[in-house]
Amino acid sequence: MARLGIVICCLFGVLPPVATAQNGSLFSTKQTISALFVPAPPKDQSSSSLFKGQKSKFFAPAPKRTAPQKLTRPPSALPGSIAQLLDLIALAEAGPAGYDAVQYGATIKPAQPPTQMTIGGIYEWIEATPGQPHAIGRYQFIPKTLRAVVTRKGYSTETRFTPQVQDQLALVLLRDAGLKRFLAGTLTRRAFMKKLARIWAGLPLPTGKSYYEGYAGNKAVISWVRFEAGMARAFPVSLVQ
């Protein structure tokens, strides 16, 4: 009987519980949300946006774009919802060139595709070609913004401008727009979208127009309805008002 009891315990008493999947949701635990962020050094600016009150310094004329195309991306370690958000931003900003996009108005392009360049090489190209727009990469970083986010991430001039590095730099701007509060449920989806539109000129406000509409040729490239639909797919669990 003792042996029988041991066998029964082995069969039924020590099986570990099976963890249930959360379908990649960013909202399963607070730990998941906090793991997205590396503490940033203190900022001395009064606003989280890099663009407040300085429109003329941040945007070159927008490219003439046709309807946004679906872009492909390399394998990413980013959570699915964040990757979808970055895809949505890229549709409005980079066009089919993606991570190797260079602002169409740049008459002197870099000698190499941006993803093959170091950050220092990009700085050299910018300095060597004054008087033209220099928005670069999947998220169309312009010089002042690029230097700011590179500094905050702690990258060196030897860091290559890879897709992964570009994504990490874009995450700095997402954090400035309130991503952490949005994921925690203390910032509504609509409010978050408006903040994103103040950073990326190709994204619309609820009016359907860019925050920078008509400034240096900028306009929204996707509609507010499409923006909302993309955000709802990426973040089905969030406030919507």
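Out of everything in the stretch 189-210 that is assigned to a helix (DSSP H, G or I) and in contact with a strand residue (DSSP E or B) (Cβ under 9 Å, 6 or more places away or on another chain), what residue ends up being surrounded by the fewest Cβ atoms within 10 Å (Cβ to Cβ)?
Among those residues, the one meeting the criterion is MET193.
Out of everything in the stretch 211-231 that is of a type in the set (Gly, Ala, Ser) and modelled with pLDDT under 95, what residue ends up being surrounded by the most Cβ atoms within 10 Å (Cβ to Cβ)?
Looking at residues that are of a type in the set (Gly, Ala, Ser) and modelled with pLDDT under 95, I get ALA220.
When only residues in the stretch 88-135 that are of a type in the set (D, E, K, R) and free of Cβ contacts under 8 Å to residues at least 60 places away in the same chain count, which is surrounded by the most Cβ atoms within 10 Å (Cβ to Cβ)?
Among residues in the stretch 88-135 that are of a type in the set (D, E, K, R) and free of Cβ contacts under 8 Å to residues at least 60 places away in the same chain, the one surrounded by the most Cβ atoms within 10 Å (Cβ to Cβ) is ASP100.
Residue check: is TRP200 within 19 Å of ARG138 (Cα to Cα) and aromatic (Phe, Trp, Tyr)?
Yes.
Suppose we keep only residues that are part of a loop (DSSP other than H, G, I, E, B), in contact with a strand residue (DSSP E or B) (Cβ under 8 Å, 6 or more places away or on another chain) and not polar (S, T, N, Q) within the stretch 150-184. Which one would you say is surrounded by the most Cβ atoms within 10 Å (Cβ to Cβ)?
Taking the candidates together, the pick is PHE161.
Those residues that are closer than 18 Å to ASP167 by Cβ, in a helix (DSSP H, G or I) and touching a helix residue (DSSP H, G or I) at 6+ places or on another chain (Cβ under 6 Å), I need them from the stretch 120-149; list them, please.
Matches in the stretch 120-149: VAL149 only.
The values are calculated or read from the model by the stated rules, or taken from the named source; none is laboratory data. The structure presented is a predicted model; accordingly, all values stated were derived computationally and were not measured. In this analysis, Cβ positions are derived from the backbone assuming ideal geometry, glycine residues included, and neighbour counts consider all displayed protein chains.
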